[in-house]
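Working notes, structure below.
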Amino acid sequence: MTGSEFLRFVVTLTAVVDPFLAVPFFLACTHGRTIAQRVTLARTVALTVFCVLAAAAFAGELVLQAIGASLPAFRVGGGLVLLLMALAMLNAQAGAVRQSKAEAQELEAGDVGGVVPIAIPLLAGPGAISTAIIAVDQGGIVQNLTVVAGIAIVCLVSWLVLRNAHIIALRLSTTAMNIATRILGLLLAAMAVQIMAEGLRQLFPGLSA
């Protein structure tokens, strides 16, 4: 993985995870909790996201082989998932791919502890898992470790955002956070189309002729 590819992966995964979109949900989960409890939950969420995505990076190829799916086909499918997420983000919404109505209702009712659904599936959902699997791309152990390093960077950013969620909410208006989400959604839409195009070229070599 070259430097530009690594940067593209980190930017794409940051847009997919979108910790700013999780700020309102984190605030809802931590309402009435102490600062120490908020910090602990932020750390637990970040570590959970890292473990899920790192496991996907190492085991994703084996899962694809087990179900008989090729990586190019997964690129097209994964790119479509990312595009659906990007369209929701352009509307400053979580979207059904990231969070179902039932999960949102559980969160509003206070029936969940925070790791679910914030870590899974809000942050480490289908889109993030797909991005991690696609990035590995049969590159060997060095490629895997590089991808894991990128995942660690994104999780560190997510931890910093969630740890300071209450400060961010005070300093930034809802409009400002929505603007950040829309910008990330626009970047993600471009990346999603690129991923699908690469997958289609591999499935149908004649398209690149």
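The values are calculated or read from the model by the stated rules, or taken from the named source; none is laboratory data. These numbers come from a predicted model, not from an experiment. Heads up, the Cβs are rebuilt from the backbone with ideal geometry, glycines too, and the neighbour counts pull from every protein chain shown.
So that you can scan it fast, the table gives a plain yes or no per residue for (1) touching a strand residue (DSSP E or B) at 6+ places or on another chain (Cβ under 8 Å); (2) under 29 Å from residue 149 (Cβ atoms); (3) surrounded by fewer than 19 Cβ atoms within 10 Å (Cβ to Cβ):
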| position | (1), (2), (3) |
| --- | --- |
| 40 | no, yes, yes |
| 43 | no, yes, yes |
| 52 | no, yes, no |
| 58 | no, yes, yes |
| 66 | no, yes, yes |
| 70 | no, yes, yes |
| 81 | no, yes, no |
| 86 | no, yes, no |
| 93 | no, no, yes |
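Screening 170, 145, 122 for residues that are touching a residue at least 40 places away in the same chain (Cβ under 8 Å) and part of a helix (DSSP H, G or I) leaves exactly one candidate, 122.
Residue check: is residue 142 at pLDDT below 90 and either under 20 Å from residue 41 (Cβ atoms) or of a type in the set (Val, Ile, Thr) (or both)? Yes; evaluated as a whole, the condition is true for this residue. A search for C-beta distances below 6 Å between a residue of segment 182-207 that is over 15 Å from residue 18 (Cβ atoms) and any residue that is of a type in the set (Gly, Ala, Ser), counting only pairs 6+ apart in sequence or on different chains, returns 195/79; 196/79; 201/208. Does segment 60-78 contain any residue that is under 13 Å from residue 125 (Cα atoms) and either in contact with a helix residue (DSSP H, G or I) (Cβ under 6 Å, 6 or more places away or on another chain) or in contact (Cβ under 8 Å) with a residue 24 or more places away in the chain (or both)? Among the residues of segment 60-78, at least one is under 13 Å from residue 125 (Cα atoms) and either in contact with a helix residue (DSSP H, G or I) (Cβ under 6 Å, 6 or more places away or on another chain) or in contact (Cβ under 8 Å) with a residue 24 or more places away in the chain (or both), which makes the answer yes.
Within segment 1-20, the set of residues being at pLDDT below 85 and in contact with a helix residue (DSSP H, G or I) (Cβ under 8 Å, 6 or more places away or on another chain) comprises 1 only.
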